[in-house]
Amino acid sequence: MRKLIVPAIIALLAVAPGAAFAATSVPTPAGEQTIAGTVKFFNSSAHSLELADGSWYYLPPTFKAPDLKTGDKVTVHWKMDGSAHDVTAIDIG
């Protein structure tokens, strides 16, 4: 009997931290977030912006983006929409 209990306890201890992690990684609704960075790529017709760190942000079709150029320092305000970063505002400088 003891031979069965010890492996069962060890297996339980090995699985428990993973189960606890899974419980804490449940996605929650995200509010607006900001990121500061340097513009790597901006395409006004495709409504997309890439920062130097490789992150992509998407502008809504009605969004009036300021004149952005590669190399501009910006602060991007965005919200998560599925897996996309949707821009709500952009500050240059």
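Listing for the model above:
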read-out	value
Cross-chain or 6+ apart pairs with Cβ under 9 Å, the range 44-58 first and acidic (Asp, Glu), then surrounded by 14 or more Cβ atoms within 10 Å (Cβ to Cβ)	Glu50/Val39; Glu50/Lys40; Glu50/Phe42; Glu50/Tyr57; Asp53/Ile35; Asp53/Gly37; Asp53/Lys40
Some residue of the range 60-69 being basic (Lys, Arg) and at pLDDT below 90	yes
Criterion: small (Gly, Ala, Ser), modelled with pLDDT under 90 and out of contact with any helix residue (DSSP H, G or I) (no Cβ under 7 Å at 6 or more places or on another chain) - qualifying residue of Ala36, Ala20	Ala20
Selection within the range 30-43 - surrounded by fewer than 13 Cβ atoms within 10 Å (Cβ to Cβ) and either aliphatic (A, V, I, L, M) or over 12 Å from the mean Cα position of the chain (by Cα) (or both)	Ala30, Ala36, Thr38, Asn43
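The values are calculated or read from the model by the stated rules, or taken from the named source; none is laboratory data. Nothing here was measured: the structure is a model prediction, and the numbers come from that model. Heads up, the Cβs are rebuilt from the backbone with ideal geometry, glycines too, and the neighbour counts pull from every protein chain shown.
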